[in-house]
Amino acid sequence: MHSATQQAALVRSGEVSAREVVQAALDAIERLNPQLKAFVALCPERALAEADRIRPGDSRPLCGVPLALKDLLGATDGLPTTHGSAAFGDWVASHDTAHVRRLREAGAIVVGKTNTPELGLRPVTENARFGATRNPWDPRLSPGGSSGGSAAAVAAGLVALADGSDFGGSIRIPAACCGVVGIRPSTGRVSIAPDYGDVGAGVGVDGALARTVEDVAVALDAMSGYEPGDRDWLPPPARPFAESVRNGPGRLAVRVALAAPLGIPVDAEPRTAAAQAADLLADLGHDVREEAPDWDDEGFGAAWATCGAASMRHLLRVLSRLHGRPVDPEALEPASRAWLVDAPDVPVVEYLEAVERLAAYARRVLTGWPSDGVLVTPTLTRLPVEIGTRAQAGVSDDAARFSAFVRVWNVTGQPALSLPLGESAGGLPVGVQIVGPPGRDDLVLAVAAQLEGAAGLRPRGPARISIGGTS
């Protein structure tokens with residue numbers, strides 16, 4: 001399958017039409033999605049009509065590229081947004097979320113919405129309303145979460161580009177599980193306008209998933225930018241992210257951390273993949289040394305749990321206002337209801353204390369971080385789990401095994417990217433995470449592209465795409 005950038009180039013040159021590209025995506029979805037369950041809503045007529053308006057010579061960077069949108073928070077005109085739940089009805093927006101609008105303005109064509117766990121509360125993509133999304137590399141396994149539908153759609157070749165959201169690793173976890181590239185941009189890089197103001201105290205961000213670093217860079221160029229009223233925002237980069245990817249970084253200070261914070265166990269495959277990435281970077285001339293940030297804090301888990309519980313309860317109220325109807329607590333899944341409705345409210349002072357504790361943690365981690373220095377870690381501490389391994393909603397030991405290496409950067413606001421650099425003995429992809437200084441998305445993307453080139457990575461599909469007898 002062609003990358004998103006290649007698809008746009010083919011449409012631009014007139015070698016293929018945008019309609020042909022979109023129709024190919026819709027055909028692949030029709031063939032594989034009944035078993036994969038990556039998509040939960042489609043808009044084929046609208047997508048084809050938009051494709052018919054694109055002509056050869058279109059200069060937009062994503063002209064004619066089919067785009068999948070995660071069915072959580074992000075909205076697009078005319079398609080339902082359910083948040084993976086039956087508790088909110090089928091809210092159909094009359095507008096696009098800002099980053100979706102920007103992607104469409106760049107020429108991307110929305111083909112549908114992708115599955116997510118209810119309210120994004122689990123690191124696996126399973127919910128009572130739509131069922132479980134399957135990992136294209138092995139349909140017995142989960143694609144991770146919460147952007148699991150988007151990651152599975154890209155990995156299976158249904159689309160070359162998808163969006164996702166990341167409150168505690170929800171882009172990077174499924175990117176690692178499905179063997180695709182996923183970036184959590186710096187806080188303030190991508191606006192959450194117009195529907196949300198300060199959901200989750202700025203911890204959550206929207207980003208992109210694709211098969212190549214160049215594709216996520218082009219998508220981030222399109223998605224980024226200030227919207228009126230944004231509380232967190234960054235100025236535009238000095239040069240486009242796509243240009244940074246093509247030009248590469250200079251010699252960098254690279255730290256490598258193979259052990260997770262607080263002694264959370266790390267399996268051999270993720271450790272090996274990160275160590276191999278470090279060796280590649282050393283061979284490329286970077287100053288590489290093994291050294292973890294100052295990220296061990298016994299109070300982190302409690303502060304994270306308090307912020308998470310309060311933020312998600314607030315989100316229920318925000319969504320009720322946005323949808324114009326109260327949430328139906330009886331329609332929430334039992335684990336979600338127990339955590340968000342039945343448990344005692346979080347006192348506001350406890351929430352503010354937890355926010356302050358995490359802010360102090362971020363200051364400590366970032367103190368002394370060089371402006372041109374990156375950190376390399378495993379993305380996950382483990383390989384994908386089997387379908388039906390229903391992690392608890394919210395913060396749990398099981399969720400920590402998925403998020404140990406990734407949630408830190410949601411607190412510090414730093415850019416972080418998962419790159420599929422390793423492979424397990426059973427042929428499953430293994431992700432490596434690259435973390436940069438605050439605001440240096442360009443540096444993270446440049447290092448990732450350099451690693452991608454040195455490792456000889458090319459867009460590829462799962463070794464076995466057969467799902468339930470369909471291939």
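The values are calculated or read from the model by the stated rules, or taken from the named source; none is laboratory data. Bear in mind that the values here come from a model prediction, so they are computed numbers and not experimental data. Here the Cβ is made from the backbone with ideal geometry for all residues, glycine too, and neighbour counts use every protein chain on show. Calculation scope for accessible area: heavy atoms of the full protein, side chains included, ligands and nucleic acids excluded. Shrake-Rupley method; radii C 1.70, N 1.55, O 1.52, S 1.80 Å.
Table for the structure above
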quantity: Residue list for the range 2-24, restricted to those being touching a strand residue (DSSP E or B) at 6+ places or on another chain (Cβ under 9 Å) and on the phi > 0 side of the Ramachandran plot; calculated: none
quantity: Residue under evaluation Pro344, criteria (1) open to solvent by 20 Å² or more (accessible area, probe 1.4 Å); (2) within 26 Å of Pro194 (Cα to Cα); (3) not β-branched (Val, Ile, Thr), criterion not met; calculated: (2)
quantity: Some residue of the range 90-101 being assigned to a helix (DSSP H, G or I) and open to solvent by 10 Å² or more (accessible area, probe 1.4 Å); calculated: yes
quantity: Helices (runs of 4 or more DSSP H) completely within the range 349-459 that count 3 or more residues being open to solvent by less than 40 Å² (accessible area, probe 1.4 Å) and among the aliphatic types (A, V, I, L, M); calculated: 441-454
quantity: Long-range neighbours under 6 Å by Cβ, at least six apart or interchain, first residue among the aromatic types (Phe, Trp, Tyr) within the range 146-160, second crowded, with 24+ Cβ neighbours inside 10 Å; calculated: none
quantity: Qualifying residue in the range 315-322 (condition: open to solvent by 30 Å² or more (accessible area, probe 1.4 Å), more than 20 Å from Val256 (Cβ to Cβ) and touching a strand residue (DSSP E or B) at 6+ places or on another chain (Cβ under 9 Å)); calculated: yes
quantity: Qualifying residue in the range 183-200 (condition: surrounded by fewer than 24 Cβ atoms within 10 Å (Cβ to Cβ), part of a strand (DSSP E or B), among the aliphatic types (A, V, I, L, M) and touching a residue at least 24 places away in the same chain (Cβ under 8 Å)); calculated: no
quantity: Residues of the range 231-248 satisfying the condition of being open to solvent by less than 80 Å² (accessible area, probe 1.4 Å), closer than 21 Å to Thr5 by Cα and in a loop (DSSP other than H, G, I, E, B); calculated: Pro237, Pro240, Gly248
quantity: Candidate set: the range 1-27, residues that are in a loop (DSSP other than H, G, I, E, B) and of a type in the set (S, T, N, Q); chosen: the one surrounded by the most Cβ atoms within 10 Å (Cβ to Cβ); calculated: Ser3
quantity: Residue in the range 208-223 that is open to solvent by 10 Å² or more (accessible area, probe 1.4 Å) and within 30 Å of Arg321 (Cβ to Cβ) present; calculated: yes
quantity: Flag for Leu220 being within 19 Å of Pro185 (Cβ to Cβ), in a loop (DSSP other than H, G, I, E, B), within 21 Å of the chain's Cα centre (by Cα) and at pLDDT 95 or above; calculated: no
quantity: Among the residues listed as Glu50, Glu30, the single one being loosely packed, with under 14 Cβ neighbours inside 10 Å and not small (Gly, Ala, Ser); calculated: Glu30
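So that you can scan it fast, the table gives a plain yes or no per residue for (1) touching a helix residue (DSSP H, G or I) at 6+ places or on another chain (Cβ under 8 Å); (2) under 22 Å from Gly207 (Cα atoms); (3) in contact (Cβ under 8 Å) with a residue 24 or more places away in the chain; (4) of a type in the set (A, V, I, L, M, F, W, C):
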position	(1), (2), (3), (4)
Thr5	yes, yes, yes, no
Val16	yes, no, no, yes
Val21	yes, no, yes, yes
Ala38	yes, yes, yes, yes
Ala49	no, no, no, yes
Ser59	yes, no, yes, no
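Yes or no, residue by residue, for (1) in contact (Cβ under 8 Å) with a residue 40 or more places away in the chain; (2) in contact with a helix residue (DSSP H, G or I) (Cβ under 8 Å, 6 or more places away or on another chain); (3) not aliphatic (A, V, I, L, M):
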{"position": "Ala260", "(1), (2), (3)": "yes, no, no"}
{"position": "Arg271", "(1), (2), (3)": "yes, no, yes"}
{"position": "Leu281", "(1), (2), (3)": "yes, yes, no"}
{"position": "Gly285", "(1), (2), (3)": "no, no, yes"}
{"position": "Arg289", "(1), (2), (3)": "no, no, yes"}
{"position": "Asp294", "(1), (2), (3)": "yes, yes, yes"}
{"position": "Phe300", "(1), (2), (3)": "yes, yes, yes"}
{"position": "Ala309", "(1), (2), (3)": "yes, yes, no"}
{"position": "Asp328", "(1), (2), (3)": "yes, no, yes"}
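The rows are residues; the columns are (1) more than 23 Å from Val432 (Cβ to Cβ); (2) open to solvent by 40 Å² or more (accessible area, probe 1.4 Å).
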residue: Ala253; (1), (2): no, no
residue: Val256; (1), (2): no, no
residue: Asp279; (1), (2): no, yes
residue: Glu291; (1), (2): no, yes
residue: Glu298; (1), (2): yes, yes
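So that you can scan it fast, the table gives a plain yes or no per residue for (1) more than 27 Å from Ala18 (Cα to Cα); (2) among the basic types (Lys, Arg); (3) buried (at least 24 other Cβ atoms within 10 Å of the Cβ):
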{"residue": "Arg104", "(1), (2), (3)": "no, yes, no"}
{"residue": "Val111", "(1), (2), (3)": "no, no, yes"}
{"residue": "Pro139", "(1), (2), (3)": "yes, no, no"}
{"residue": "Asp166", "(1), (2), (3)": "yes, no, yes"}
{"residue": "Ser170", "(1), (2), (3)": "yes, no, yes"}
